[in-house]
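Q: This structure is in structure tokens; I'll ask about it shortly.
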Amino acid sequence: MIMKFFRKKRNMKIILWAVAILIIPSFIILGLGGKTGGKRESYAAMVNKEYITLREYYTELSKTEANYRKMFGENASEFLKKLNIEEGVLENMIRDRILVHEAKQRRIRVLNNEIVEIVKTDPVFLDENGRFDERRYREIISSIPAEELRKTEDAIRHQIMLEKLKETVLAEVNTSISNEELDTYIKDNQIQDTDREALETRLLWRKREEHFEQWYADKRKDAKVEIYLLFQAPAVPTE
């Protein structure tokens, strides 16, 4: 059972941070408003007939604000005022629903042993030589409540599934960098004495990210999304 894989509260934060995704708003809401009445009182949005409840939304919003406060400390409040964090959180939740829907459509599965392998690479479970320590592992997981184990396992499974989806999408197109593309980039940017292999790696990463984001943008456009929350534009700073 995968639930055996975690058991020590003092190490739980390390494990959770390893799989947590810091939500940073990256997409503009494509449509505001929606139907009024009862739905607006209970739901934040609907994505392909699946509802995002207000409870889910405000829980995620609270987590995101807490992450920003950890990052920026006493400056967090001023920083948050300049962001559309409320819209960004909802759009990120919409994105997650769309990606999960697509993964299910493609019958993407995550096996238990895949989760196990991820857990085994966590530094918490490694000895001084960087090898997996079975004894330390059993000691750590022995005191973590079952509910926390389940949530962590679900988070890891979810992340692996989305990574598999991304690799599946990227495998459908040619994202390699040709020598001609590399030469053109070097010439256009007047780069001299560069490590071609390292540059190719960076360009390949960018090309893959751009392709996946374009693929997602098309899926977002085609998805049946209704937003029930109304957002106010962030205050514009005055000089």
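The numbers here are math on the coordinates, done by the rules we state, and not lab data. All values derive from a computational prediction rather than experimental measurement. We place every Cβ from the backbone using ideal geometry, glycine too, and count neighbours over all the protein chains shown.
Q: Check ALA45: other-chain or 5+ apart residues with amide H under 5 Å from its amide H, H built from backbone geometry?
A: Answer set, sorted by chain and number: ILE52, TYR228.
Q: Along Cα→Cβ, 7 Å out, is where each label goes; now give me the distance between the ones at ALA146 and TYR51 in nm to one decimal.
A: In this crude label model, ALA146 to TYR51 measures out at 2.9 nm.
Q: Hey, with R₀ at 22 Å, roughly what FRET efficiency would PHE132 and ASP154 work out to, going by the Cβ-Cβ distance, to 0.05? Don't jump to the answer; show the numbers that get you there.
A: Values: r = 22 Å, r/R0 = 1.02.
Using R0 = 22 Å, I get an efficiency of 0.45.
Q: Please check which bits of the stretch 200-234 a label hung off LEU83 would reach, taking the label as a point 7 Å along Cα-to-C-beta and the cut-off as backbone N under 19 Å.
A: Zone members listed by number: 231-234.
Q: Could you go through the stretch 110-124 in sequence order and give the Karplus-derived ³J(HN,Hα) for each residue, using 6.51 cos²θ - 1.76 cosθ + 1.60 with θ = phi - 60°, rounded to whole Hz, and x for Gly and Pro?
A: Those phi angles translate into 10, 7, 4, 5, 5, 5, 4, 5, 5, 4, 5, 8, 5, x, 4 Hz.
Q: Using each residue's phi in the stretch 132-148, evaluate 6.51 cos²θ - 1.76 cosθ + 1.60 at θ = phi - 60° and report the 3J(HN,Hα) Karplus result to the nearest Hz, with x for Gly and Pro.
A: Listing the rounded values in order: 4, 10, 4, 5, 4, 4, 5, 5, 5, 7, 5, 10, 8, x, 4, 5, 5 Hz.
Q: When the convex hull of the C-alpha atoms of the stretch 66-177 is computed, what volume per residue in Å³ does it have? Spell out each step's value before the answer.
A: Details: hull volume 24.2 nm³, N = 112.
Hull volume over Cα atoms, normalised by residue count, gives 216 Å³.
Q: Read phi for every residue in the stretch 213-225 and hand back ³J(HN,Hα) as whole Hz from Karplus 6.51 cos²θ - 1.76 cosθ + 1.60, θ = phi - 60°, with x for Gly and Pro.
A: For the stretch 213-225, the Karplus-derived couplings read 5, 5, 4, 5, 4, 5, 5, 4, 5, 7, 5, 8, 10 Hz, x marking Gly and Pro.
Q: What is the log10 of I(q)/I(0) for the stretch 159-225, computed with the Debye formula using one identical point scatterer on each Cα and no solvent, at q = 0.11, 0.18 Å⁻¹?
A: So the normalised log intensities work out to -0.37, -0.77.
Q: What ranking, highest mean first, results for peptides 178-187, 50-59 when packing means the other Cβ atoms within 10 Å averaged over each residue?
A: Values: 178-187: 11.9, 50-59: 14.6.
The packing order, highest mean first, is 50-59, 178-187.
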